[in-house]
Amino acid sequence: MASTLYIGLMSGTSLDGVDGVLADFSGRGMRTLDAAFTPFPADLRAELMALQAASANELEREALAANALAHCYAECARTLAAAAPGPVRAVAVHGQTIRHRPELGFTRQTNNPALLAELTGIDVIADFRSRDVAAGGQGAPLVPAFHEARFGKRGQVRVVVNIGGIGNISVLHGDGRVHGYDTGPGNVLMDLWIARHRGLPYDQDGAWAATGTVDAPLLDLLLDEPYFRQPPPKSTGRDLFHAGWLDAHLARRPGLDPADVQATLTRLTAVSIARAIQAETAARPAQAVYVCGGGAYNAVLLRDIAAALGGNIPVTSTETLGVAPNRVEALAFAWLGYRFLRRQPGNLPAVTGAAGPRILGALYPA
């Protein structure tokens, strides 16, 4: 009998490291048995950041970064495999997005899954997004199908918000319908700003933002970004929301206190997420909003989302539903790997805009 144990690995736009889970997809349903985190070395993080834009000798540099990335993935996977109660069927790995241009027909998640299979001795499933893009979809977000499988409840409208570098929503309508898309920046601009001014990787619990005051004119300028008005299906990334984008807007509001900018960037993420939720639940309001990803640990951000929603919808983390916020995406990719080996589709055309359901991923046997 084939093993029902899978490892899911996710490294997102925050570029902090690898989140991994060990999951069991037995007849008892999906269960998270263990979790691990492997941080990126500073030089790898810097190189992955640099590869977000065109640069000299980038083909060779990407290949070398992919090799280093595979070693980080292998370290995380080996930690989880050592704790497994039996053999692991497969490692499902997202890869690191360095370019996302579905309008040009491609998305690039750098990785070396062949090396990862060699290093772990376990089958590897990778490259989940490109098949959806090939079918005319955005290739993102892919997590709404998993959110429905894990968090959906018949008769209840629930919204799951993932806040990594980029924010995205999954609206679970309680009748089998699911809608979702990337809302815009999650932590990416907040992280960039605090790194620039305070040398910190992120604003822990929103503490720095809490010392500032939102600058309404700057917020209006930021919210005037055409992406926010673009109808779904849509997806985005660092290709749009990067330092140059922010600095161009700040040039129109010179002299602001850095803490006020941080407060404004936090409010930008909150308002863009809240507006997306309101647009998707206008006909039938949501009973609750559940937040996952690193943003779920930012109390100021969660408070701002709740306020932007009018204060009448509970905003809490997915911990309430039994999954820690920092494990949701890795578990989602373990689930996608499980779906791949069962020859079951992993995308939702209503979310991504693909021509139809597609089996996502590619297999690299051990």
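What follows is calculated from the coordinates using simple rules that are stated; it is not laboratory data. Keep in mind it's a predicted model, so treat the numbers as computed, not measured. Using ideal geometry, Cβ is built from the backbone for each residue, glycine included, and neighbour counts are taken over all protein chains shown.
Results, tabulated for the structure shown:
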quantity: Rounded FRET efficiency, nearest 0.05, which uses the C-beta distance separating Ala282 from Ala355 and R0 of 45 Å; calculated: 0.95
quantity: Percentage relative contact order, the chain, counting C-alpha pairs under 8 Å, at least six apart; calculated: 22 percent
quantity: Relative contact order (%) - segment 227-366, alpha-carbon pairs under 8 angstrom, separation at least six; calculated: 20 percent
quantity: Label-point separation, Arg198 to Met49 (7 Å along Cα→Cβ), nm; calculated: 1.6 nm
quantity: Helix 328-341 vs. the chain, principal-axis angle (Cα, 0 to 90°, nearest 10); calculated: 40 degrees
quantity: Gly17 long-range amide H proximity, modeled H, under 5 Å; calculated: Gly12, Phe40
